[in-house]
Every structure is written in C-alpha cells, then in structure tokens.
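The next block holds one structure in the form of structure tokens; read it before the comments.
The values are calculated or read from the model by the stated rules, or taken from the named source; none is laboratory data. Bear in mind that the values here come from a model prediction, so they are computed numbers and not experimental data. Because the Cβ atoms are built from the backbone with ideal geometry, glycine has one as well, and the counts that use them run over all protein chains shown.
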Amino acid sequence: SQQGEEDPQALSIQEGENATMNCSYKTSINNLQWYRQNSGRGLVHLILIRSNEREKHSGRLRVTLDTSKKSSSLLITASRAADTASYFCATDARGSNYKLTFGKGTLLTVNP
Amino acid sequence: DAGITQSPRHKVTETGTPVTLRCHQTENHRYMYWYRQDPGHGLRLIHYSYGVKDTDKGEVSDGYSVSRSKTEDFLLTLESATSSQTSVYFCAISESNGSGEKLFFGSGTQLSVL
C-alpha cells in the first residue's frame, strides 16, 4: 500500500523559478524524507523532517510538514536545469518497524 | 553511489528461468533492502535484511527469495521469472534501522522477462 502520494505527478518550470512539490500520507509518521532520482540512477537522500518539526532548510531546499493535514511540501528555490529529476517522499510510519514507504514521485523538468 | 554495486546492470531473460541479482556494499552497513520500481507504483519493498542470515519480507515478496551469507552481499533470487517481474530493481543500505535513518541506493538493475 502506498503511504505517500506526491502531487503534481509532473511539473515543468523555467530556470530561476521556484518549484513546489507536495506529499500527502495516510497514517501517523515518525519522520518524512525526500529523495531525488536522476534518470537511470538510484535515489539520493535530500532531507529529513521529523514529526515534531514544522520546517527545515538545506541550501535551496525548504521542507514543511503539517501533521494535522498529513502533508509535506518540498520547495526548490531558484531552480536550475540540473535540478531536473524525479522527487520522492518517503514516510516512516509508526508501527512499521521503521521501514520506509515511498510515493510515486513528481517528475520535475527545469527548462534552460 | 555510496559504495553499493549492483550486478548485473541489465538482464534479459525468459519466463520460467531462475535469475539472481547481486548487491554488494563496502560500507559495512547492517541493513540491506531490495526494492522494485515500476511506473505508476513508485518504489516497493521486496525483502530486507537486518544482519547475516537475518531477512524479512516486504510489501511485494511473493515470487522472490533472498539470502545474506556475508555482511557485504545481499542476493535477490527470482526462482522462476515471470513477465510481471520485469522491473528496475534497486538495492539500498542503511547503517541502522532507527527512526530517521536514511537509505543509500545502488544504481539499479533493469530486468526484462520475455
């Protein structure tokens, strides 16, 4: 069963614009992580936010978490063509023995 | 890719044949995972291991078996491959299994079952 669902499925923007991706999940979580996947490659961890945190920053990345709405957003500011990739949220649901469940991903295309 | 090697990178096989995929890590991490990635489904956990000879099932384990005889190697076997097992398979590792542990992924194996 899919715990996290990203929205939108695909997003196309121009270089320099901000990109926002959303993730909704169904059950209570310990933490939520965001991963990035370049075409033909494995996933790379970007950022983790714990259930008691509301916002976290890492470079051009900003993640928010709203546990009351069971949702998270990933904002990439001042996007670059190199940010073109698929982005996945992964949740560590309570009672799951810490196994991560991944969403289906958002495909971000940043046009030069 | 964080000291993780998957082999082969690509494989084409016929329905009914056995297939073994290998994941090798040089990080000495305790936990190893096999995921499959399919369009419309994202990544789904097949099996995972929490130590040598210690394995457990994931979300989509039917038709798959695993073995871990050494810390560094985690094998995924399709005893009799079916077309529904055509997928990209990713191995991942983590140092522990506590909340907040991040996964490190290999580059994947593209498996086609004809």
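Within region A:56-112, how many residues are within 14 Å of chain B (Cβ to nearest Cβ), touching a residue at least 24 places away in the same chain (Cβ under 8 Å) and not in a loop (DSSP other than H, G, I, E, B)?
The total comes to 16.
List the pairs whose first member sits in region B:100-114 and is more than 14 Å from B:C23 (Cα to Cα) and at the interface with another protein chain (Cβ under 9 Å from one of its Cβ atoms), whose second member is of a type in the set (D, E, K, R) and part of a strand (DSSP E or B), and whose Cβ atoms are under 8 Å apart, counting only residues at least 6 apart or on separate chains?
These pairs meet every condition: B:G100/A:R50; B:G100/A:D92.
Taking B:V12 as the residue in question, decide whether it is touching a strand residue (DSSP E or B) at 6+ places or on another chain (Cβ under 7 Å), without any contact (Cβ under 8 Å) to a residue 60 or more places away in the chain and of a type outside the set (D, E, K, R).
Here the answer is no, as B:V12 does not meet what is asked.
Kindly indicate whether A:D92 is under 29 Å from B:M32 (Cα atoms), buried (at least 21 other Cβ atoms within 10 Å of the Cβ) and of a type in the set (D, E).
In short, yes.
Looking at region A:11-55 only, could you name the residues that are part of a loop (DSSP other than H, G, I, E, B), touching a residue at least 24 places away in the same chain (Cβ under 8 Å) and more than 13 Å from chain B (Cβ to nearest Cβ)?
Hits for region A:11-55 are A:E15, A:G16, A:E17, A:N18, A:K26, A:T27.
Of the residues A:L61, A:L32, which single one is surrounded by 14 or more Cβ atoms within 10 Å (Cβ to Cβ), of a type outside the set (S, T, Y), more than 13 Å from A:K104 (Cβ to Cβ) and modelled with pLDDT of 95 or more? Lay out the reasoning, then the answer.
On the way: A:L32 fails: modelled with pLDDT of 95 or more.
Just one listed residue meets the conditions, A:L61.
Which of the numbered conditions does B:S96 fail, given that it passes all the others? Conditions: (1) within 14 Å of chain A (Cβ to nearest Cβ); (2) buried (at least 19 other Cβ atoms within 10 Å of the Cβ); (3) not in a strand (DSSP E or B).
Among (1) within 14 Å of chain A (Cβ to nearest Cβ); (2) buried (at least 19 other Cβ atoms within 10 Å of the Cβ); (3) not in a strand (DSSP E or B), B:S96 violates only (2).
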